[in-house]
1. Looking at Y143, Y115, can you tell me which residue is open to solvent by 20 Å² or more (accessible area, probe 1.4 Å) and in contact with a helix residue (DSSP H, G or I) (Cβ under 9 Å, 6 or more places away or on another chain)?
2. Consider only pairs whose beta carbons are under 7 Å apart and that are at least six residues apart or on different chains; among these, list those whose first residue lies in the range 54-75 and is over 12 Å from L26 (Cα atoms) and whose second residue is among the small types (G, A, S).
3. Looking only at residues that are crowded, with 19+ Cβ neighbours inside 10 Å and hydroxyl-bearing (S, T, Y) in the range 146-172, which one is farthest from F69 (Cα to Cα)?
4. Taking the range 83-141, which residues are polar (S, T, N, Q) and within 19 Å of Y182 (Cβ to Cβ)?
5. Just give me the residues in the range 40-75 being under 19 Å from R181 (Cβ atoms), out of contact with any Asp or Glu (no Cβ under 8 Å at 6 or more places or on another chain) and of a type in the set (A, V, I, L, M), in sequence order.
6. Scan the range 61-99 for residues that are among the aliphatic types (A, V, I, L, M) and over 15 Å from the mean Cα position of the chain (by Cα) and jot them down.
7. Among the candidates K119, K138, which residue alone is touching a His at 6+ places or on another chain (Cβ under 8 Å) and touching a residue at least 12 places away in the same chain (Cβ under 8 Å)?
8. Just to be sure before I move on: is S104 of a type in the set (S, T, N, Q) and at pLDDT 90 or above in the structure I sent?
Amino acid sequence: MIYLTSLVMIKNDWILLFFIIIFSLLAIVKWLYKERLFNLVTIYFSKGYFLKYGKENQPIFNWFNAVLFFIQSVIIGFLFFAYCIFYKPEIIQQNSLQLLLKTSIFVSSFFLVRYIVGKALAIIFEINKEHESLTFAKISYLYSSILLITPFTFFIFYIKTYNLLAFHFTIALFSILLIIRYVVIFNNNNKIIFSRLFYFMLYFCALEIAPILLVLKLAV
């Protein structure tokens, strides 16, 4: 059954096209920003990325992050698409490409809206500098996590016998990386967080916990 599901997925040429685009973009990024990309991928083991790029005039909005933002949206879209294939096949039917596009657009919109809301709260509480620093750390760790799971996401669709196992492994790895991300960010910014505890409690509940609960509710 799993093998047949894999064959069905491979027949969707657009899946391979999206992965070709992703890997092509990564090749271009590696060519243009080789050192920066390496520092980002190894961000869980070294603080060199923050020391080198955290003090830029626009550390969040640049072409490097724009490409990774696109890849992030598509990869998360693929994970949801794979989830639907294995557990909610009735959702896909004949609109598999449309489902991926809608999910990717939703993911992009969610992160953009979350940034805008967080920015607005930061302006209200007069902690814009702290918000930008924390946001840069959050997206950097998230992009690193996305890069680390991208090859495994590809395996979900193109491994013959163990695609469901690959899906579970990818989700588990992604979840572990996200947990480590929160722990590391909290540990590195605990002084800022405790000095503005009310703001960060409001931010965390509204923009971190609530979306997770919503996703879990939709998944179940």
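The values are calculated or read from the model by the stated rules, or taken from the named source; none is laboratory data. What you see is a predicted model; the values in this text were computed from it and never measured. Note that we place each Cβ from the backbone using ideal geometry, even for glycine, and neighbour counts take in every protein chain shown. Surface accessibility is based on the protein's heavy atoms, side chains included, excluding ligands, DNA and RNA. Shrake-Rupley method; radii C 1.70, N 1.55, O 1.52, S 1.80 Å.
1. On the way: Y143 fails: open to solvent by 20 Å² or more (accessible area, probe 1.4 Å).
Of the residues listed, the single one that is open to solvent by 20 Å² or more (accessible area, probe 1.4 Å) and in contact with a helix residue (DSSP H, G or I) (Cβ under 9 Å, 6 or more places away or on another chain) is Y115.
2. Once the first residue is over 12 Å from L26 (Cα atoms) and sits in the range 54-75, its partners that are among the small types (G, A, S) give S73/S104; S73/S108; V74/S104.
3. T170
4. Of everything in the range 83-141, those that are polar (S, T, N, Q) and within 19 Å of Y182 (Cβ to Cβ) turn out to be S133, T135, S140.
5. L40, V41, I43, L51, L68, I71, I75, listed by residue number.
6. Restricting attention to the range 61-99, the residues satisfying the condition of being among the aliphatic types (A, V, I, L, M) are 66-68, 71, 74-76, 79, 82, 85, 91-92, 97, 99.
Hits for the range 61-99 are A82, I85, I91, I92, L97, L99.
7. Only one candidate passes the filter, namely K119.
8. Judged against the criteria, S104 is a match.
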